[in-house]
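Asker: Shown below is the structure under consideration.
Just so it is clear, none of the values below were taken in a lab; they were calculated from the coordinates. Values in this document were obtained by computation on a predicted structure and should not be read as measured data. Here the Cβ positions follow ideal geometry from the backbone for every residue, glycine too, while neighbour counts run over all protein chains shown.
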Amino acid sequence: MENAQLYSSANAMQKRDAADIIAEFSSRLDWRAEELVLDVGSGSGDVTHDLVLPTTVKNAKAAGKTSGGGNKNNRNSNSNVSVVGVDVSDQMVDHSWKKFGGAPRTLSFAQLDIAKEIPSTK
C-alpha cells in the first residue's frame, strides 16, 4: 500500500498482532549496548514507534544495559539501543519521518527493499 494516511488508520490488525508477538517474546530478547533493531516493513511507523521502540528500551533498562540518569519524560534518553524502521515505500518512510521525526534520536526510518541487495555500510 502506498497511501500512508490510509494505512495508518487501517492497520489495527497489524498493531494487535505485533503487540501479541512482543508480549509473548520480549522477555526472551537480550538487547546489548549499541544494539540496532531493524523493523522490516515498518509501514507508517506506528508499530515501530508505539511498540518496538518502547519494548527495546524497557528490555535494555531491565537488563541494566543503559546508562543511569536521564529525563523520565523521554523514555529513550538512557538507551543505547537504536531502532530503524525500514519500508520499500518512500511514501511510508516520508510519512513516518513526518509523524515521528521529533522522537528520540535512537529512532529512525529508511527506505529499503529487502528483496534487493543491501548496500554495504563499509
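Asker: From a point 7 Å beyond the Cα of Val40 in the direction of its Cβ, which residues of the range 1-20 have a backbone N at a distance under 18 Å?
Answerer: It comes to 1, 18, nothing else.
Asker: Could you pull out every one of the aspartates and glutamates with an alpha carbon less than 13 Å from that of Lys116, ignoring same-chain neighbours closer than 8 positions?
Answerer: Asp87
Asker: At Ala10 and Ala23, where each label point lies 7 Å from the Cα along Cα→Cβ, what is the point-to-point distance in nanometres?
Answerer: Between Ala10 and Ala23, the label points sit 2.6 nm apart.
Asker: Next question, about the same structure. For Ile22, Ile114, what ranking results if the residue with the fewest other Cβ atoms within 10 Å of its Cβ goes first?
Answerer: By the 10 Å Cβ count, ascending, the order reads Ile114, Ile22.
Asker: Please list, in chain and number order, the residues 5+ apart from Gly85 or on another chain whose amide H is under 5 Å from its amide H, with Hs placed from the backbone.
Answerer: Result for Gly85 returns Asp39, Ser108, Phe109, Ala110.
Asker: Would you list Arg28, Arg16 from fewest to most Cβ contacts within 10 Å?
Answerer: Going from sparsest to densest Cβ surroundings: Arg28, Arg16.
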